[in-house]
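**Student:** Could you have a look at this structure, given as structure tokens, before my questions?
The values are calculated or read from the model by the stated rules, or taken from the named source; none is laboratory data. The structure displayed is predicted, hence computed values, not measured ones. All Cβ positions, glycine included, derive from the backbone under ideal geometry; neighbour counts span all protein chains shown. Please note that ligands, DNA and RNA were not included when accessible areas were found on the heavy atoms of the full protein model with its side chains. Shrake-Rupley method; radii C 1.70, N 1.55, O 1.52, S 1.80 Å.
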Amino acid sequence: MQRRQFLAGMGAVGASGLLAPAWAGPGSTSAPNARFVVLMLRGGLDGLGVVPAYGDPKYRSARGDLALPAPRQSGGVLDLDGTFGLHPALAPLMPLYKDRALLVAHAVAAPYRERSHFDGQNVLETGMTQPFASRSGWLARTLARSPGGMAIGKTVPQLLRGPNASLSLDPLRTPRPDAPLHRAVAELYAGDPTLAAALERGQAAQRLLARHAEPRASRRADVAKSARVAARLLSDPEGPRTATFSIGGWDTHSGQKGRLGRQLGVLASAFTSFAEAMPPDVWAKTVILAVTEFGRTVQPNGTGGTDHGVGGVALVAGGAVAGGRVVADWPGLAERQRLEGRDLRPTTDLRALMKGLLHDHLRVSPSRLNDDVFPGSTSVAPLRGLIRG
């Protein structure tokens, strides 16, 4: 295989960053100043743990030991609207909710109805109805007419793989090639316009990242740091307008009560770091969508955890969000109201949520949403009114 072919392949999967795109500059959609971030919560987040439906008459009996105390009690739910509340570990997000910059979508799910992490994440990222029905991700197809997006982390996820090469930048990776190596590679590629241009784009992206670098710390601090760096990159005039970000560790099969609280503290630090690191004028144009591949069972299992389920929750934050509310066609928690008697029944297709955000925030046309971004989804109407007027 020739050197150019090899590097082109690396660029296609986004692993090396050598074929980093030049950023779109004025924007990659018909909403040129809009910022859009997808936060992947990998492992199957327990939506009823994150946003308890404490007002449902069956909440306490269904959740057993995982039921949280009522609002205003010690360790109790943080009330949102009299029916739903936030887990107390998400207390840092209450100011966003009160400022109408946080929206909760409950009883949501991708079309996938099995319970495999691998397959579920693939369906979520490709936007298809079956696993491995496409090699490209729905966000990549959204950006098909632009140079691509940015992944915060070591590799580009399926979500951003597609027609145009996207770049992965890892704020936590400290070793960098030194100047002599850069010069040597530049001399090697000098006679090949394609490789020379690709190298320069990659070096430009590294210089952009270097302007916003921070030292490493604890896991929670590292997640917060990555979010802050991503926020600064999105705010930089030379930076991207679209990004992905992942947080793992949501597979709470056992000991969920303590584990979930710690995880949610990490998630809260990511959201608040984005909000604090962005200038107000950029934050006002930003939407952050947090999604997971599936929810978890309504009732706890024998080890104090929950098993793989279906219906769950999605969180949408940002200054552009028409938040301060819970969007839910609530199915109820009684056993007869559950899916197969065990799972929170999904009443909203996640694609409806994503379509609504892409249409109203990024100005993606209905025809592109139905035909290109989420093929075969004409029957799934976008949720409207998610973005501030």
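**Student:** Determine which single condition LEU357 fails, assuming it passes every other condition in (1) touching a residue at least 24 places away in the same chain (Cβ under 8 Å); (2) in a loop (DSSP other than H, G, I, E, B).
**Tutor:** Among (1) touching a residue at least 24 places away in the same chain (Cβ under 8 Å); (2) in a loop (DSSP other than H, G, I, E, B), LEU357 violates only (2).
**Student:** Do the conditions hold for SER367, that is, is it part of a helix (DSSP H, G or I) and open to solvent by 50 Å² or more (accessible area, probe 1.4 Å)?
**Tutor:** yes
Okay, residues lined up against (1) among the polar types (S, T, N, Q); (2) under 18 Å from THR129 (Cβ atoms); (3) at pLDDT 95 or above:
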| site | (1), (2), (3) |
| --- | --- |
| TRP283 | no, no, yes |
| GLU293 | no, yes, yes |
| THR306 | yes, no, yes |
| GLY309 | no, no, yes |
| ALA317 | no, no, yes |
| VAL326 | no, no, yes |
| PRO331 | no, no, yes |
| THR348 | yes, yes, yes |
| PRO375 | no, yes, yes |
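**Student:** Another question, then. As an exercise: evaluate SER168 against (1) assigned to a loop (DSSP other than H, G, I, E, B); (2) open to solvent by less than 40 Å² (accessible area, probe 1.4 Å); (3) of a type outside the set (A, V, I, L, M, F, W, C); (4) at pLDDT below 95 and give the number of the one condition it does not meet.
**Tutor:** (1)
**Student:** Sticking with this structure for a sec: Restricting attention to the range 118-131, and to residues there that are of a type outside the set (A, V, I, L, M) and more than 16 Å from the chain's Cα centre (by Cα), which single residue is surrounded by the fewest Cβ atoms within 10 Å (Cβ to Cβ)?
**Tutor:** Filtering the range 118-131 for residues that are of a type outside the set (A, V, I, L, M) and more than 16 Å from the chain's Cα centre (by Cα), the one surrounded by the fewest Cβ atoms within 10 Å (Cβ to Cβ) comes out as PHE118.
**Student:** Take the residues in the range 225-264 that are charged (D, E, K, R), open to solvent by 20 Å² or more (accessible area, probe 1.4 Å) and not in a helix (DSSP H, G or I), then tell me which one is modelled with the highest pLDDT.
**Tutor:** The extreme case among them is ASP251.
Yes or no, residue by residue, for (1) open to solvent by less than 30 Å² (accessible area, probe 1.4 Å); (2) among the small types (Gly, Ala, Ser):
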{"position": "THR306", "(1), (2)": "yes, no"}
{"position": "VAL310", "(1), (2)": "yes, no"}
{"position": "VAL316", "(1), (2)": "yes, no"}
{"position": "ALA322", "(1), (2)": "yes, yes"}
{"position": "VAL327", "(1), (2)": "no, no"}
{"position": "GLY332", "(1), (2)": "yes, yes"}
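**Student:** While we're here: Within the set of pairs 6+ apart or on separate chains, which have a first residue in the range 110-127 that is over 18 Å from ARG141 (Cα atoms), a second that is crowded, with 21+ Cβ neighbours inside 10 Å and among the β-branched types (Val, Ile, Thr), and C-beta atoms under 8 Å apart?
**Tutor:** PRO111/VAL123; TYR112/VAL123; ARG113/VAL310; ARG115/VAL310
**Student:** Which of the residues belonging to the range 71-96 are open to solvent by 30 Å² or more (accessible area, probe 1.4 Å) and not in a helix (DSSP H, G or I)?
**Tutor:** The answer is ARG72, GLN73, SER74, GLY75, LEU78, ASP79, ASP81, GLY82, THR83.
**Student:** Something else now. Those residues that are open to solvent by 30 Å² or more (accessible area, probe 1.4 Å) and either among the basic types (Lys, Arg) or part of a strand (DSSP E or B) (or both), I need them from the range 337-351; list them, please.
**Tutor:** Answer for the range 337-351, where residues must be open to solvent by 30 Å² or more (accessible area, probe 1.4 Å) and either among the basic types (Lys, Arg) or part of a strand (DSSP E or B) (or both): LEU339, ARG342, ARG345, ASP349.
**Student:** Is it the case that some residue within the range 139-151 is in contact with an Asp or Glu (Cβ under 6 Å, 6 or more places away or on another chain) and either modelled with pLDDT under 80 or not small (Gly, Ala, Ser) (or both)?
**Tutor:** Yes; the residues of the range 139-151 include at least one that is in contact with an Asp or Glu (Cβ under 6 Å, 6 or more places away or on another chain) and either modelled with pLDDT under 80 or not small (Gly, Ala, Ser) (or both).
**Student:** So which residues in the range 321-378 are closer than 19 Å to ALA290 by Cα and of a type in the set (Ser, Thr, Tyr), if there are any at all?
**Tutor:** Listed by number, the residues that qualify are THR347, THR348.
**Student:** Condition test on GLY302, is it within 19 Å of LEU48 (Cα to Cα), small (Gly, Ala, Ser) and part of a loop (DSSP other than H, G, I, E, B)?
**Tutor:** yes
**Student:** Could I ask something else about it? Spot the failing condition for PRO52; the list is (1) of a type outside the set (Phe, Trp, Tyr); (2) open to solvent by 20 Å² or more (accessible area, probe 1.4 Å); (3) part of a loop (DSSP other than H, G, I, E, B); (4) in contact with a Leu (Cβ under 7 Å, 6 or more places away or on another chain), and only one is missed.
**Tutor:** The one condition PRO52 does not meet is (2).
**Student:** For the subset of the range 265-296 comprising residues that are assigned to a strand (DSSP E or B) and in contact with a strand residue (DSSP E or B) (Cβ under 6 Å, 6 or more places away or on another chain), which member is surrounded by the fewest Cβ atoms within 10 Å (Cβ to Cβ)?
**Tutor:** In this case the residue turns out to be ALA290.
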